[in-house]
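Every number in this text was worked out from the coordinates using simple rules, so none of it is lab data. Keep in mind the model is a prediction, meaning the values are calculated, not measured. Every residue, glycine among them, receives a Cβ derived from its backbone with ideal geometry; neighbour counts consider all protein chains shown.
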């Protein structure tokens, strides 16, 4: 759904996870903003070097140096198989940072051709939320003007990343889609200020009642989308019920007549063979 390459790179820069690409020679060709934050190294210091140059000095829990010999990136490109592990990288300032690393092969024109690999790494020591991460970088293009939540473009990029992790590492995840029926009617029957107050109230209620690892954002004029890091249908259903109740019980206007908005929530857990299109179709309210 995202065709503009530069736009896609910008979206990758909005993610809280570090992302970098390397070619068959293990030369780094892309280094996103979160990678800079987590490691302390700017892209200009990393691009063009080889991961075997021992800059980040990856080690495992036993202290073994993973950047020499058969490193996870090299193993991934040689075998064509994804890899996941908890490792410790060397920050530019000298301290060790625990990260969860997921490595996946990058294919060329055919499935048999491997042209490189992508590594995604999550800072396990960080308590920064994804929303604060976006605000800190002041990329207003990816935040809704009224709600302050991530836009649909950001949510699409997050879903694509989750689907890739599901395909390569079988990390289950779920999606909940919230529809605020009557929100557009508020704009017609009241005024713009009342409509924006209601929209912001819904978004604020949502963001204050999710888990730290959840991702939520705008989806359409009357819809929000959420992503959770588990595949438990019962747990996701309970979350949906809570969200529905809390959003419906929110106060949308101080004036008269009162604003009435009905909340509907649909939940979906990712399945084998899932695509972005099929996932979104199943989540339609």
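Relative to the longest principal axis of the C-alpha atoms of the chain, give the angle of the C-alpha long axis of helix 152-169, reported between 0 and 90° and rounded to the nearest 10°.
Taking Cα atoms only, the helix is inclined about 50 degrees.
Between residue 75 and residue 170, what length in nm is gained on full extension when 0.36 nm per residue of separation is reduced by their alpha carbon distance?
Gain on stretching residue 75 to residue 170: 32.3 nm.
At each listed q (0.14 Å⁻¹), what is the log10 of I(q)/I(0) that the Debye formula gives for segment 17-127 modelled as equal alpha-carbon point scatterers?
-0.50
Give me 195, 30 ranked fewest to most by other Cβ atoms within 10 Å of their Cβ, as a rough exposure proxy.
30, 195
Can you bin every Cα-Cα distance in segment 151-279 into 5 Å intervals starting at zero and give me the percent of pairs per bin, rounded to whole numbers?
Once binned at 5 Å, the Cα pair distances of segment 151-279 give 2, 10, 21, 22, 17, 12, 8, 5, 2, 1, 0.
Only helical DSSP H runs with n ≥ 4 go in: add -39500 (n - 2.57) per run for the chain, normalise by residue count and round the 222 nm mean residue ellipticity to 500 deg cm²/dmol.
The helix contribution divided over the chain gives -10500 deg cm²/dmol.
Give me Rg over Rh for the chain, both radii from the alpha carbons and Rh done the Kirkwood way, two decimal places.
1.02
Going by C-beta contacts inside 10 Å, put 31, 166, 9 in order with the fewest on the left. Each step should come with its number before you reach the end.
Values: 31 22, 166 18, 9 12.
Ascending Cβ contact count within 10 Å gives the list 9, 166, 31.
So how tilted is helix 5-14 from the main axis of the chain? Cα-based, degrees 0 to 90, rounded to 10.
Taking the Cα atoms of the chain, the angle to 5-14 is about 80 degrees.
Assuming R0 = 35 Å, can you tell me the calculated FRET efficiency for the pair residue 112 and residue 85, based on Cβ-Cβ distance, to the nearest 0.05?
0.85
What order do you get for 21, 169, 121 when you list them from fewest to most C-beta neighbours inside 10 Å? All intermediate terms of the calculation are to be shown ahead of the outcome.
Values: 21 17, 169 14, 121 23.
Neighbour counts put them in this order, fewest first: 169, 21, 121.
Subtracting the Cα-Cα distance from 0.36 nm times the residue separation, let me have the gained length for residue 244 to residue 277 in nm, one decimal.
Additional length available on full extension: 9.4 nm.
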